[in-house]
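Quick notes on the structure that follows.
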Amino acid sequence: MPFLKRRRFVSVIGRKSQVPDGMWMKCPGCNQAVTRKEIDENQQVCTHCDYHHRIGARKRIEFLVDPGSFQETHMGLQSADPLGFVVEETSYSYPKKVKESTEKSGMTEAIVTGFASIENTRTVLGAMEFGFLGGSMGSALGEKFCRAADDAVRERLPMVVFSSSGGARMMEGILSLMQMAKTADGVRAMNAAGVPFISVLTHPTTGGVWASFASLGDIILAEPHAHIGFAGPRLIEGALKVKLPEGFQSAEYQHEYGYVDQIVSRTEMRSVLGKLLAYLAPQ
Amino acid sequence: MLYSRSIRPGARSYCIEELGTALAKLSQNNNSRGTAAHVLPFEKRIVELEARLEQAEDDDTRNEITQELEREREQVFAQLTPWQRVELARHAQRPKMMDYASRIFEDFIELHGDRVSGEDTAMVGGIARFQGQTVILVGQQKGNSTDERIRRNYGMAYPAGYRKALRMFEMAERLHLPIVTIVDTQGAHPHPDAEQRGQGPAIARNLLYLMGIKTAVFSVVIGEGGSGGALGIAVGDWVCMFEHAIYMVCAPERCAEILWRDASKKDIAAAALRITAHDLKEFSVIDAVLPEPGGGAHRAPEAAAQVLAQEIEQFLVRAKNGDWTPERRQEKFRKMGVWRDVV
């Protein structure tokens with residue numbers, strides 16, 4: 001009897017930007033037909049409903065920084081396979097997944113770091129890539145984050161990091177859990193040195209990344225409707241047999257409960273960050 | 001209770017008494033049932049031998065059985081499958097945080113509340129005395145009986161628990177007291193209320209604070225070290241684990257579900273995740289593996305407590321000598337991880 005069916009919680013997880021190659025596309029946010037060109041020119045944000053299509057780290061940097069100002073750092077740091085996570089029974093191979101992810105996303109790790117200027121303020125910038133193994137945090141990512149944080153401390157520059165992650169990278173086991181402590185120490189070093197750290201949460205920022213550096217920003221911004229939280233909705237629903245309300249763990253929810261300073265649309269991000277950086281950068 | 005008071009003022013104490021007796025009976029039942037039911041299949045032979053040893057009358061038989069028992073234990077523990085190791089770490093009769101607290105410390109004054117939003121009984125904290133020295137003790141308490149487990153939320157803390165821990169850490173730093181944390185949890189509680197009160201940020205705050213804290217921190221995983229919920233109190237200068245404890249980024253059944261959409265592959269995941277004390281020592285994530293003499297802490301809790309007490313004693317001596325500095329702790333955690341540097 002369909003009318004007795006439980007209405008399922010509509011999760012923001014799993015939203016995929018389905019951008020066809022054609023000229024027109026249907027916006028997943030408002031179901032309206034929009035032209036691709038319109039979206040492309042608006043930083044992949046719907047001009048009707050402000051729906052934010054997911055973008056990669058490179059695109060984000062391109063939208064954000066002063067043209068030509070980005071100098072990438074620590075490019076050589078890549079994931080290894082410390083556990084030997086190759087499971088024959090399920091034909092699962094972590095090194096193979098890393099290779100596939102690299103080919104698919106064109107990235108060597110789930111974060112890009114570097115120096116950049118945002119509206120003329122020099123800053124250390126990090127941008128996470130969800131397309132690389134779900135933006136998961138493994139040893140290489142932790143090391144890259146910390147080296148970038150150390151760059152900020154040494155050069156006395158503010159740091160901005162855009163998070164997008166499903167959490168810790170299981171395939172590196174306990175070592176990925178330890179990246180939570182390690183990246184928290186990166187933030188501690190910036191705090192001690194008096195350089196500002198701005199954390200920007202994009203869809204999704206969950207698990208170990210939310211429970212470490214992403215929630216430790218001096219300032220925390222979020223993109224509209226981004227999914228932000230510690231335990232995933234599936235885990236909570238499974239463990240407690242409860243139905244979660246719509247909008248649970250959304251950026252707006254986290255803002256309402258006091259964990260996000262401002263929700264900033266992608267098209268406004270550059271000017272908001274520009275102002276914050278100009279005001280807060282160490283003199 | 002309120003109901004009975006409103007009709008018959010004298011009935012209240014009677015009701016409480018009766019309820020108390022009923023609860024005590026219930027928990028007794030649970031405990032006794034627990035003893036019988038909580039022998040894991042691979043332990044049966046060991047338990048049999050132990051029973052025979054108790055009944056043995058002359059020294060010769062006793063020696064014989066003791067030897068056989070030793071052999072049996074060695075063999076069984078060497079052959080455990082990864083999933084059996086998980087079961088052992090979660091064994092209902094493994095000593096809990098409070099069991100160690102009462103055995104190891106001369107006195108323990110429990111303090112309550114996070115000073116922000118409430119009291120979390122899954123996370124215990126307070127002032128303890130160890131060989132005449134004051135330390136701050138914090139840890140998760142899973143509970144020994146069914147009603148205690150429910151009351152303690154199976155050792156899964158809400159943000160209030162992590163904030164209570166933080167409050168203890170801050171006090172320890174101000175008063176120059178060393179910290180001992182005892183880890184035993186499946187993880188931080190996955191609950192909508194926990195999310196609303198900032199579970200992620202609460203754990204993150206603890207990580208950051210412990211990284212820079214200007215006092216010595218000793219951490220031990222006694223049973224289960226579940227993910228961020230465990231790490232939130234385990235950023236120590238000296239982190240150790242009992243031999244049969246596990247410490248992991250994600251429970252094996254969860255890992256199997258996420259990677260292969262099949263929780264029954266938990267055995268495979270348990271092996272792949274490398275969650276045993278010896279694995280962690282190999283990765284330099286922990287500093288020491290504490291032996292569990294006499295067939296595991298659940299069979300010989302007193303012996304396990306002694307081992308832990310010795311470890312704490314050594315740690316405190318080194319703390320007095322100024323061996324632990326925040327910089328060394330930071331360096332230790334910064335080194336964790338394995339990556340490639342392709343130039």
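The values are calculated or read from the model by the stated rules, or taken from the named source; none is laboratory data. Predicted model, so just to flag it, every value in this text is computed and none were measured. Cβ sites come from the backbone with ideal geometry, for glycine too, and all protein chains shown count toward neighbours.
Quick notes on this structure:
- Exactly one residue among A:109, A:172, A:155 is over 28 Å from residue B:256 (Cα atoms) and in contact (Cβ under 8 Å) with a residue 24 or more places away in the chain, and that residue is A:155.
- Condition check for residue B:318: within 11 Å of chain A (Cβ to nearest Cβ) and charged (D, E, K, R): no
- Among residues of region A:60-86 that are assigned by TED's automatic domain parsing to the domain that holds residue A:142, those with a beta-carbon under 6 Å from a residue that is of a type in the set (Gly, Ala, Ser) and part of a loop (DSSP other than H, G, I, E, B) at least six positions away or on a different chain give the pairs A:79/A:138.
- Filter pass, residue B:292 being within 28 Å of residue B:95 (Cβ to Cβ), among the charged types (D, E, K, R), modelled with pLDDT of 90 or more and buried (at least 20 other Cβ atoms within 10 Å of the Cβ): yes
- Beta carbons closer than 6 Å, at least 6 apart along the sequence or on distinct chains, pair a first residue in region B:252-271 that is facing chain A (nearest Cβ under 10 Å) with a second that is part of a helix (DSSP H, G or I) and hydroxyl-bearing (Ser, Thr, Tyr) for B:260/A:90.
- Just so you know, in region B:282-305 the residues that are outside any loop (DSSP other than H, G, I, E, B) and without any contact (Cβ under 8 Å) to a residue 12 or more places away in the chain include one that is farthest from the other protein chains (Cβ to nearest Cβ), and it is B:303.
- Spans of strands (runs of 3 or more DSSP E) in region B:149-250 with at least 2 residues at the interface with chain A (Cβ under 8 Å from one of its Cβ atoms): B:246-248
- Residue that is farthest from the other protein chains (Cβ to nearest Cβ) [pool: residues in region B:272-281 that are crowded, with 23+ Cβ neighbours inside 10 Å and in a helix (DSSP H, G or I)]: B:277
- Boolean, residue B:256 is in the same structural domain as residue B:176 (by TED's automatic domain parsing) and either within 24 Å of residue B:339 (Cα to Cα) or touching a strand residue (DSSP E or B) at 6+ places or on another chain (Cβ under 9 Å) (or both): no
- Test: residue in region A:192-199 that is farther than 30 Å from residue A:46 by Cα, surrounded by fewer than 24 Cβ atoms within 10 Å (Cβ to Cβ), in contact (Cβ under 8 Å) with a residue 40 or more places away in the chain and small (Gly, Ala, Ser): yes
- Region B:321-343 - residue that is in contact with a strand residue (DSSP E or B) (Cβ under 8 Å, 6 or more places away or on another chain) and either of a type in the set (A, V, I, L, M) or not in a loop (DSSP other than H, G, I, E, B) (or both) and, of those, farthest from the other protein chains (Cβ to nearest Cβ): B:329
- With respect to (1) within 12 Å of chain A (Cβ to nearest Cβ); (2) modelled with pLDDT under 95, the lone exception for residue B:143 is condition (1).
- Scanning region A:98-113 for residues that are closer than 25 Å to residue A:186 by Cα and not β-branched (Val, Ile, Thr) yields A:107, A:109, A:110.
- For residue B:122: the one exception among (1) at pLDDT 95 or above; (2) surrounded by fewer than 20 Cβ atoms within 10 Å (Cβ to Cβ): (2)
- Looking only at region B:207-230, and only at residues there that are among the polar types (S, T, N, Q) and surrounded by 24 or more Cβ atoms within 10 Å (Cβ to Cβ), the one that is nearest to residue B:86 (Cα to Cα): B:227
- Of all residues in region A:234-271 being within 9 Å of chain B (Cβ to nearest Cβ) and among the aliphatic types (A, V, I, L, M), the one that is surrounded by the most Cβ atoms within 10 Å (Cβ to Cβ): A:236
- Criterion applied to A:231, A:211, A:181 was being under 30 Å from residue B:276 (Cβ atoms), facing chain B (nearest Cβ under 8 Å), surrounded by 24 or more Cβ atoms within 10 Å (Cβ to Cβ) and modelled with pLDDT under 95, and the one residue passing it is A:231.
- Residue list for region A:124-174, restricted to those being crowded, with 24+ Cβ neighbours inside 10 Å, over 18 Å from the mean Cα position of the chain (by Cα) and not hydrophobic (A, V, I, L, M, F, W, C): A:158, A:172, A:173
- Checking every residue in region B:333-343 against the condition of being of a type in the set (Lys, Arg), in contact (Cβ under 8 Å) with a residue 12 or more places away in the chain and crowded, with 16+ Cβ neighbours inside 10 Å gives zero matches.
- Of all residues making up region A:141-173, the number that are at the interface with chain B (Cβ under 7 Å from one of its Cβ atoms) and in contact with a Phe, Trp or Tyr (Cβ under 6 Å, 6 or more places away or on another chain): 1
- Scope region A:220-246; condition within 19 Å of the chain's Cα centre (by Cα) and free of Cβ contacts under 8 Å to residues at least 60 places away in the same chain; matching residues: A:220, A:221, A:222, A:228, A:229, A:230, A:231
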